[in-house]
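Written below as structure tokens is the structure these notes are about.
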Amino acid sequence: MTQRSITAADLYQFALLGGAQISPDGQRIAYTVTGIDHETYAYHTAIWLTTPTSQPGQERRFVARGGSPRWSPDGQTLAFVSDRAGEMPDPLHGESPADRDKRCGKGKPQIWLIPADGGEAYQLTFMRWGASTPTWSPDSTRLLFVAKTGDIPDMPEHNGEREPRVRRITRFGYRFNGAGYIYELQSHLFVVAATGGQPTQLTDGDWHDGHPTWSPDGQTIAFTTDRHDQRWLYPRGEVWLMDADGTRQRPLLAIDDHDFDAPAWSPDGMTIACLGGPQWGNGGHTDVYVVRPGQDGGATAAPRCLTTDHFQTFSDAIGGDMRNDHADPTPVWSPDGSEIYVIGNARGAGNVYALRVEDGALRAVTSGDHHVIAWSLDAAARNVALVIADVTQPGDLYVHRQEGGATNSGSAASTSRLTAMNAALLDALELATPEEFTFTGAEGWEIEGWILKPPHFDPTKRYPLLLEVHGGPNTAYGYTFAQEFQLLASRGYVVVYTNPRGSTSYGRAFGQAVSGIWGQADYEDVMAGVDAVIARGYVDPQRLGILGGSYGGFMTSWTIGHTNRFAAAITDRSYLDARSFFGTSDIGPWLSRENWGRPWWEDPERYRWHSPLTYVANIQTPLLIIHSDEDYRCPIEQAEQLFTALVYQGREVEMLRFEKQNHDLSRNGHPRLRVERLEAIVDWFARYLPTADHPASNLMANDERNHVTIGAPSPVE
């Protein structure tokens, strides 16, 4: 079969799997498949069904429009979330149909139920702002869910246009990336009978509640909340308990400067497992804790950390550009309560692990250089349903069988692939497989990275190199699919991506090591990676490019402000000015406290020193700035400042502003704009770093400026 190079427009053809949910008896697996309609540029998610013994091609679509599948404990019903059109209730007395539709959340995501054996789905909730997170009671008669409460006044129309409104803002945390303005609505918990009827609101208040879970006897609910006094400036998770009717709400884990999430009851109802760690300075590292509730609901003792001595972070922090969601990190108990199953990341790989509750001993349930992006267990913990991605495919469904039982690690085990959803497309594409390498970074630290060589790579030639820098900084590159990397490699570039200090999945000390030193040892790490690849002899040291987003955009802009080694650069959704970021980002005060320790007016020199914008006069590298108008994480003013300063100096710079997009454009933004972004990246580097596969359309010759390192000022102590 003749293969071709991957293109940006191939985004429209990929099917992305997720949400793997195995039935309690282990006989069926529901999962989601998301695709893009090329004509309407709309994402569509459907729920598919298969069995653990099926072969690829035997799966079937079960729900045409829906996500978040959840089996009832008796296995008879599947709950899911969908914005599909349903039959609206009759209007209340004197209520117009339009007011009825608004009150009942027409067009909003709602919870639906469908018999496991098929049949007609029926709508269970009619919440004004929609509903999410369906959670079955142990007896399969009720469902907990999360829904927003509050009111956003409608503005009248004048001459066919909605009149502008005035927002009265009284606190920080009034808007959030991807969600917009959130200060008028709060997320709270509700319960509804599986047979339908009016839901009962269980929580209320000027805070957000979520992640509900039932005790095994169905009498108590554990949930997360954020009720401390500084919740809007410095959000943190607390675990609370309440009776099933919403009464006796009391804290279980509400510890100053600690963050907890994802509670899960043990089978005997005596212990709760959760994820968490210090609120400050944890380097993105997540641990697993257990705690025993007392009779009054409070903890009988301090929570016990099971993972203190383990290298893994027990969350999913591996980044790619094919999805914005991550694997559900909620712990799952073994039937006998002796083990806790968790997702974990180690050295860029994502797998499922089991922790022994008695002493925290860890065993790998799955292993390999891949990325588990969804998982669940059957009631006996014998079968694990998995969606696994790797460097050359964006994810398929697998089942892993623990033949000898959940805790018998010495028994025979097997893993079977159940789908091949992208097989035809992947077979047609000429993809590259990355080569893992390690090198010595700052202070003699070992740093890991990957090299993606062009197809038909010839080691006797010298290629241009593109360095990709990830965001975070507490995230990681790893063994997952990245269309952007494959696209650039297909155009004749050696693509290098590394995990410098600050990256997760290399232990807590490694993740913590970047806090408060952005632009120092982390900069030395990424540059050492470039030099290590150049030393291999197949890269032209005069033809280097750099690009990155968010913190990766910070590092890109910092780098070209401190060296002229790169012939071209792209900074994407970037953090550029620490002082203005404090007041404009949705996480400004939190990130500033985490890294700089105090607000900018108490230490203006530190903020100035750690801002790439400070060094804008040094930037000679041709720069493309990519940013989105509705990015509330790294607001558009960051890009505007950099662009204006470079234009003022007559430097080579262009800016792409993406309308109505947010910080996550590259992962889940408007599909056409995602394609245009990828094409713009390829074209920018073709202009300044042409290859035989992608010649320049407007080439500017390299000169000596690309090989001069600018002296950096001394770090702020």
Within the set of pairs 6+ apart or on separate chains, which have a first residue in region 95-106 that is on the phi < 0 side of the Ramachandran plot, a second that is modelled with pLDDT of 95 or more, and C-beta atoms under 6 Å apart? ARG103/ARG128; CYS104/PHE126
Looking at LEU487, LEU466, can you tell me which residue is modelled with pLDDT of 95 or more, crowded, with 23+ Cβ neighbours inside 10 Å and either within 26 Å of the chain's Cα centre (by Cα) or closer than 16 Å to GLY548 by Cα (or both)? LEU466
How many residues of region 105-143 are in contact with a strand residue (DSSP E or B) (Cβ under 9 Å, 6 or more places away or on another chain), over 11 Å from ALA79 (Cβ atoms) and assigned to a loop (DSSP other than H, G, I, E, B)? The answer is 13
Please work out which residue is nearest to ASP99 (Cα to Cα), limiting yourself to region 113-139 and to residues that are buried (at least 17 other Cβ atoms within 10 Å of the Cβ) and small (Gly, Ala, Ser). GLY130
Can you tell me which residue is nearest to the chain's Cα centre (by Cα) among those in region 172-209 that are surrounded by 14 or more Cβ atoms within 10 Å (Cβ to Cβ) and at positive phi? GLY178
Just need a number here: residues in region 368-392 that are closer than 17 Å to ASN422 by Cβ and in contact with a His (Cβ under 8 Å, 6 or more places away or on another chain). 5
When region 252-279 is checked residue by residue, the ones that are over 28 Å from the mean Cα position of the chain (by Cα) and not aliphatic (A, V, I, L, M) are PRO267, ASP268, GLY269, THR271
Do you know which of the residues in region 89-107 that are within 27 Å of GLY19 (Cβ to Cβ) and surrounded by fewer than 18 Cβ atoms within 10 Å (Cβ to Cβ) is farthest from the chain's Cα centre (by Cα)? LYS106
Give just the number: which of (1) in contact (Cβ under 8 Å) with a residue 60 or more places away in the chain; (2) over 30 Å from ALA692 (Cβ atoms) does PRO500 not satisfy? (1)
Quick check: is even one residue across region 147-161 modelled with pLDDT of 95 or more, surrounded by 10 or more Cβ atoms within 10 Å (Cβ to Cβ) and in a loop (DSSP other than H, G, I, E, B)? no
Total residues in region 511-553, condition of a type outside the set (Val, Ile, Thr), assigned to a helix (DSSP H, G or I) and surrounded by fewer than 23 Cβ atoms within 10 Å (Cβ to Cβ): 8
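The rows are residues; the columns are (1) among the hydroxyl-bearing types (Ser, Thr, Tyr); (2) not assigned by TED's automatic domain parsing to the domain that holds ARG417.
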residue	(1), (2)
PHE14	no, no
GLN21	no, no
THR34	yes, no
GLU39	no, no
ALA42	no, no
THR51	yes, no
PRO56	no, no
PRO73	no, yes
ALA79	no, yes
Tally of residues being surrounded by 22 or more Cβ atoms within 10 Å (Cβ to Cβ) and of a type in the set (D, E, K, R) across region 237-253: 1
How many residues, within region 19-34, are small (Gly, Ala, Ser) and in a loop (DSSP other than H, G, I, E, B)? 2
Out of region 1-18, which residues are assigned to a helix (DSSP H, G or I) and either of a type outside the set (S, T, N, Q) or modelled with pLDDT under 95 (or both)? ALA8, ALA9, ASP10, LEU11, TYR12
Suppose the filter is in the same structural domain as LEU467 (by TED's automatic domain parsing), crowded, with 19+ Cβ neighbours inside 10 Å, closer than 25 Å to ARG565 by Cβ and among the polar types (S, T, N, Q); does GLN620 pass it? yes
Here is a check on your reading of the model: is PHE14 in contact (Cβ under 8 Å) with a residue 40 or more places away in the chain, under 18 Å from ASP117 (Cβ atoms) and under 27 Å from the mean Cα position of the chain (by Cα)? no
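Quick test for you: out of PRO235, PRO251, pick the one residue that is over 26 Å from ILE318 (Cβ atoms) and in contact with a Phe, Trp or Tyr (Cβ under 9 Å, 6 or more places away or on another chain). Before the answer, list the steps.
On the way: PRO235 fails: over 26 Å from ILE318 (Cβ atoms).
Criteria check complete, one pass: PRO251.
Conditions (1) of a type in the set (S, T, N, Q); (2) more than 25 Å from ASP378 (Cβ to Cβ); (3) at pLDDT 95 or above; (4) within 14 Å of the chain's Cα centre (by Cα), marked per residue:
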{"position": "ASP309", "(1), (2), (3), (4)": "no, yes, no, no"}
{"position": "GLN312", "(1), (2), (3), (4)": "yes, no, yes, no"}
{"position": "ASN324", "(1), (2), (3), (4)": "yes, yes, no, yes"}
{"position": "GLY337", "(1), (2), (3), (4)": "no, no, yes, no"}
{"position": "ILE340", "(1), (2), (3), (4)": "no, no, yes, no"}
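Does region 575-587 contain at least one residue that is within 22 Å of ASP683 (Cα to Cα) and over 22 Å from the mean Cα position of the chain (by Cα)?
No, the conditions are met nowhere in region 575-587.
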How many residues does region 272-300 contain that are surrounded by fewer than 17 Cβ atoms within 10 Å (Cβ to Cβ) and of a type in the set (Ser, Thr, Tyr)? 1
Return yes when GLU157 is under 23 Å from ASN662 (Cα atoms), without any contact (Cβ under 8 Å) to a residue 60 or more places away in the chain and of a type in the set (Asp, Glu) and no when it is not. no
Subset of region 628-668 (residues that are without any contact (Cβ under 8 Å) to a residue 40 or more places away in the chain, assigned to a helix (DSSP H, G or I) and of a type in the set (D, E, K, R)): GLU640
Within region 38-69, the residues that are within 15 Å of GLN123 (Cα to Cα) and not in a loop (DSSP other than H, G, I, E, B) are VAL63, GLY67, SER68, PRO69
Checking ARG304 against (1) touching a strand residue (DSSP E or B) at 6+ places or on another chain (Cβ under 8 Å); (2) in contact (Cβ under 8 Å) with a residue 40 or more places away in the chain; (3) more than 27 Å from PRO73 (Cα to Cα); (4) not hydroxyl-bearing (Ser, Thr, Tyr), the condition it does not meet: (2)
Tally, over region 422-455, of residues that are modelled with pLDDT of 95 or more and either aromatic (Phe, Trp, Tyr) or closer than 24 Å to THR7 by Cα (or both): 22
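The values are calculated or read from the model by the stated rules, or taken from the named source; none is laboratory data. None of these values were measured; they are calculated from a predicted model. Positions of Cβ are backbone-derived with ideal geometry, glycine not excepted, and every protein chain shown enters the neighbour counts.
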